[in-house]
Structure formats: structure tokens, C-alpha cells
Amino acid sequence: MNPTVSDTMRLARILCILMLVYAHAQPYQAGVPESLFSSMGLIHYLRQLLGHTSVPLLSLISGYLLARTLIARPYMEELSNKWGSLIVPLVLWNLIYIAKAYFESGLTTLPALHEWPNAVLAITAHPAMMPLYFLRDAFVCFLISPALMFLARKMPGTAAAALLLNALLNIDSVLFINSAIPLFYFAGCLLLVRKVPIPTQAMPHKAVWAAGMAMVLLSAMPFYMPLGWDVSDRPSVTHAAIDIALRAAGCVVFWSVASKLLHNRVGAFLLPFEPIAFFIFCAHGMAAGLWWMAIGRMGYDDVTPILLGYFALSPLLALVVCVLAVGTIRWVTPAGLSLLMGGRIPNNQQMTSMITPLRRRHLTRATGAKPSPES
């Protein structure tokens, strides 16, 4: 793989996962706020603009990297790897979340017996730790990846249209928790199989600006649609189409941003944290929640400037907690950390680069590294 493409993927991965924190950071409010021009309206808008739109690029990158892997590695060998890198962390993190909720409730709250399969494995519904449904859907994408790669070679247009229709109408029912994921996963497979050149420094400016404007406008749609609209509740094809368009625009914009950041100070700061991107993805809700709990204990959770400041800084706050958590667990039980991270445990050099001031040599070293295993 072109080293620049590889490094851009790594930077896009950590960037998108940090932006995902906005989708799940407190404060929460049921439904869509009445006004965009309020503190909760602004938070809801940013959840759409920066949080939910960052996920599709992760799906696309996962599809691209898996297609590349399957060309060089037998399917059954990769099945064992995906079981350890997706399903084992899915189970362990959900058990941790269930235990957390159990102790917070005073040892009174546990899923009912019939709820455990979904709570732990997301068989037909969201798991206990809701964002982790992505791991479950990514595993299903892997299971059908030979078919997706065959379709990418033989019938790319027909397959893309069918997957788009599925994303709009949710035809697959419970096969995928989020029917948009296989669409973007297939897009990644398609790029690899059809050998489409991946743009890095030469992203078309008009396309990027158009995608950016689409994100800005479509993220405001929940406030102006008659029935109300939320990413997790798409009651019509119109709402689903807006969601897909928003996600597609996010892929373009976040890839362009990652390309621009790769060789500047922001990229130099972010790239060393890529080895723990998977841990941040799994733990970001709880990590950001620790700061919110502290703010609540001090009685500032209803103070608007503090509320907005916390939300704006929540990716950085979650990053701090995750770096400390990874370092601590790695010191106490490296084997346990490996299970939680699906085998993606960082080495000594990588840990050092996360906790020491970044200099130019860190960027050089980081951009010369190989990408970590992708989920």
C-alpha cells in the first residue's frame, strides 16, 4: 500500500473515533431540541455534524483493509483473527458496562435472562454498550465479505444499488443493526478490488466544499423536518436518504481533513494515539462520562458555559482517560489489555510517544509505521 495512503488511513481512524465522542458525550436530551439556537440545540447539531458522520469512513476503511487482507490470507485464517479482534472485545466490554451499571444501581440492575444475548452479543438489537453494535455489524460484514468481493469484481453497480436500497428500506431486518454499514463497507471493498486510486494531497476542492456544505445543511435538518428526525430513528425513506447523504458527505470531508492534517502539527499530535484507537472507540462513552460525573458532583452540570466547554473538549478529555487507562491496564495485566483491544496492545515505544512532548522526529517515526490491525 502507498505509505501516504496507509498513514492517512491511520490518521483518519483516530480522528474519526475522537469525533465519535461527540455522538455519545453528555449532556443528553430525548428527541430533537425545539431550537437550533440554544445550548442543547447546538450540542444536538454538533452530534450530527461531527459525531455521527465520522463513523461511515471507519466502515469504508475497514472494508478496504479487509479486502486487501483477504487477497493475501485465507478466509478461515482471517475468521479466527476477526473472532478475537471483534467478538471477544464486544463481549468483554459489554460485560464491563453491565457490571458498571450494576454497581452504580446499588446491586439492583441487571439485564433480564432473555436480554443477555442482545446485551452481550447484539444478536438482534443494540448491546448494553450501544456504540459497540459496530463491532457486531463489522463481523457480519466480514462473514459475507467473499460475496461482497465477488460482487465488487463482477457486478459493482448492481451490488452498490442493492446495498443502497437496503440502507434506505432496511430490507435485511435484523441481519445488520445499522443497514448503512454494509453499504460503506462494500464501498471500501470496491475501491480495493477495482484498484481505484485513493486521493490524498489532491482532493478536488469543489467536491470537498460541496460535501462540507451538505454536512452543514443536512445536520440542521432534524430541526426543520415536520416529523422530527434522529440518526437512530428513520421513520421514512426520506429520512433515511438524508442520513445516507450525510454519511457519504462525512466520508469525503473527514478523509480530506485527515489528508491535510497528515504533515502538520495537529497530525503529529494525533497520529501517535492511533495504536489505542480501538480502545478509545470501545471506552469513549465511559471515559467522557467520568468527567461529566465530576462536573455533576461539583454542581456545575447545569451551568451553560461549563456544559458547552465540557462538550467541546470531550474528545480530548476522553483521550486523556483512555491513555491513562491503557497504561495502567498494560502495567497490571498485558494479557487482559490484549483481549480488550482485540490483540492491538501498544508497545513501549508507542506508549512513550503518547505521554511525552511531541517533536518533529515523532512525526517521522509515526508516519513510517505500519497500520495497526483494522476491525
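Values in this text are rule-based calculations from the coordinates and carry no lab data. Note that the structure is a prediction, hence the values are computed from the model and not measured.
Pick out which of ALA287, ALA112, ALA249 has the largest mean-square fluctuation in a Gaussian network model of the chain, springs linking Cα atoms closer than 10 Å.
Of ALA287, ALA112, ALA249, the Gaussian network model singles out ALA112 as fluctuating most.
Across region 1-69, how large is the tail of the calculated P(r) beyond 13 Å, expressed as a percent of all Cα pairs? Kindly include the intermediate steps, with their values, before the conclusion.
Values: 1596 of 2346 pairs.
Above the 13 Å cut-off, region 1-69 has 68 percent of its Cα pairs.
Once the Cα atoms of region 132-189 are picked out, what are the Rg and Dmax in Å?
Reported Rg and Dmax, both Å: 10.6, 32.
With just the Cα atoms defining each centre, how far is region 1-58 from region 84-108? Give it in Å.
Their Cα centres are 24 Å away from one another.
Relative to 2.2 N^0.38 Å, what does the C-alpha radius of gyration of region 3-265 come to as a ratio? Two decimals please. Show your work: numbers first, answer last.
Numbers: Rg = 19.0 Å, N = 263, 2.2 N^0.38 = 18.3 Å.
Compared with the compact-globule rule of thumb, region 3-265 sits at 1.04.
Counting alpha carbon pairs within less than 8 Å and at least 6 residues apart, what relative contact order, in whole percent, applies to the chain? Spell out each step's value before the answer.
Numbers: 452 pairs, mean separation 109.7, N = 375.
Over the chain, the number comes to 29 percent.
Looking at the square roots a ≥ b ≥ c of the eigenvalues of the Cα gyration tensor of region 192-306, which shape do they give, rounded for a/c under 1.5, prolate if a/b is larger than b/c, or oblate?
Details: a/c = 2.01, a/b = 1.15, b/c = 1.75.
Because a/c hits 1.5 or more and a/b fails to exceed b/c, region 192-306 counts as oblate.
Karplus couplings for region 46-62 from phi (6.51 cos²θ - 1.76 cosθ + 1.60, θ = phi - 60°), rounded to Hz, Gly and Pro as x?
Ordered by residue, 3J(HN,Hα) equals 5, 4, 5, 5, 10, x, 5, 6, 7, 5, x, 5, 4, 5, 4, 5, 4 Hz.
Using amide H atoms built in the peptide plane, which far-off residues or other-chain residues are under 5 Å from MET341 H to H?
When sequence neighbours closer than 5 places are left aside, there are no close amide H contacts.
With θ set to phi - 60° and the Karplus curve 6.51 cos²θ - 1.76 cosθ + 1.60, what are the ³J(HN,Hα) couplings of region 278-292 in order, to the nearest whole Hz, using x for Gly and Pro?
Once rounded to whole Hz, the list reads 5, 4, 4, 4, 6, 9, 4, x, 5, 5, 5, x, 4, 5, 5.
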